[in-house]
Amino acid sequence: MTVRHFLTLRDLTPAELSHIIDRAIELKALHRQGAAGEPFKNKVLGMIFEKSSTRTRVSFEAGMAQLGGSALFLSPRDTQLGRGEPIEDSSRVLSRMVDIMMIRTFEHEKIERFAQFSKVPVINALTDDYHPCQLLADIQTYVEHRGSPKGKTVAWVGDGNNMCHSYINAAALCDFKLNIACPEGFDPNAQLVAENADRVSVTRDPREAVKDADWIVTDVWASMGQEEEQKEREDKFAGYQVNHDMMTLAHSDALFMHCLPAHRGEEVSAELLEDDSISVVWDEAENRLHAQKALMEFLLLNN
């Protein structure tokens, strides 16, 4: 039997994605009732972090613990990967010792090679190209607050980065329109945009992207590893801050999301981030926990 992995959202069908979101909402309710049970009893999650993390590590570790399993944190200092062992060899060995793997790394090609040789499901917890686990949480958050995103308009304001790429995939799976606003030179992957041209558009004007949108999302202008570009990016992204003024162009019940950590006063105003009538970033952050529990359950059951 072919092992199911989760390297991008496109590893799921629309129906499977919908099931995971519904199950995440259910698991969230069960957790608050203290009735989630221990479906992961005796299951072990191996976690490889080549990029540091707060939300990703805590949400995966807590998720396994809440459902009766355990998690192992592995940094490059803790594994032979950091000493030059081939990815293929590490995958063959580790996947014989744990039940499921989660990897947060740089090049997307690394996780694809790891998955190719793994005997257990592999989850992409972030690469330079995609961040699909965050999209599970974002979709769950929209569903909880506003219902199905089908037919809605989503505005991405900022860098055409890994989050933006995952939003393009989400547009295809959830059947929503995606308006991307980014400065010249910071476009998302051109092939990915072209493949989804029926629902994805790119503009240089953030106000145009946000007009009549139902869901607005942004991210930091300089991601991890781009800190030396901070000043240059601040200049390029001038006018791209999402704030109350920009939100007035969206629908009156539009929601604001951000994957965090946020740089208040840069990509988002402090006032908007803290406005609970529009900003759902704290629910969004919590939902990483529940969406990933549902994802791991789905992968373990289907393997």
Item to check | Test result for ASP214, among the acidic types (Asp, Glu), in contact (Cβ under 8 Å) with a residue 60 or more places away in the chain and closer than 28 Å to SER52 by Cβ | outcome: no
Checklist entry - Pick from ALA71, ALA35, ALA29, ALA15: which is touching a residue at least 24 places away in the same chain (Cβ under 8 Å) and small (Gly, Ala, Ser)? => result ALA71
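Could you list, in sequence order, the residues of the range 1-38 that are in a helix (DSSP H, G or I), among the polar types (S, T, N, Q) and over 20 Å from ASP175 (Cα atoms)? Steps first, answer last, please.
Quick first cut of the range 1-38, residues in a helix (DSSP H, G or I) only: 9-11, 14-33.
Right, trim to among the polar types (S, T, N, Q) and you get 18, 33.
Within the range 1-38, GLN33 is the sole residue that qualifies.
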Checklist entry - When you look at ALA125, is it on the phi < 0 side of the Ramachandran plot, of a type in the set (Gly, Ala, Ser) and outside the structural domain of SER223 (by TED's automatic domain parsing), yes or no? => result yes
Checklist outcome for this item: How many residues of the range 247-303 are basic (Lys, Arg) and either in contact with a Lys or Arg (Cβ under 9 Å, 6 or more places away or on another chain) or not assigned by TED's automatic domain parsing to the domain that holds PHE237 (or both)? The answer is 2
Next on the checklist: Tally up the residues in the range 169-205 that are free of Cβ contacts under 8 Å to residues at least 12 places away in the same chain and not charged (D, E, K, R), please.
Outcome noted: 4
Item to check | Hits in the range 254-285 (condition: free of Cβ contacts under 8 Å to residues at least 12 places away in the same chain and closer than 18 Å to ASP138 by Cβ) | outcome: ASP276, TRP282
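Do the conditions hold for GLY46, that is, is it assigned to a strand (DSSP E or B), among the small types (Gly, Ala, Ser) and in contact with a helix residue (DSSP H, G or I) (Cβ under 7 Å, 6 or more places away or on another chain)?
yes
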Checklist entry - Which pairs do you get when a residue that is polar (S, T, N, Q), found in the range 154-168, comes within reach of a residue that is in a loop (DSSP other than H, G, I, E, B) and buried (at least 24 other Cβ atoms within 10 Å of the Cβ), reach meaning Cβ atoms under 6 angstrom, with the pair 6+ apart or on two chains? => result ASN162/TYR130; ASN162/HIS131; SER166/TYR130; SER166/HIS131
Checklist entry - Going by the conditions given, is ALA190 modelled with pLDDT of 95 or more and closer than 24 Å to ARG288 by Cα? => result no
Checklist entry - Just checking, which of ILE111, ILE168 is assigned to a helix (DSSP H, G or I), buried (at least 18 other Cβ atoms within 10 Å of the Cβ) and not assigned by TED's automatic domain parsing to the domain that holds CYS259? => result ILE111
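The values are calculated or read from the model by the stated rules, or taken from the named source; none is laboratory data. Here the structure is a predicted model, which means the values were calculated and not measured. Backbone-built Cβ (ideal geometry, glycine too); neighbour counts: all protein chains shown.
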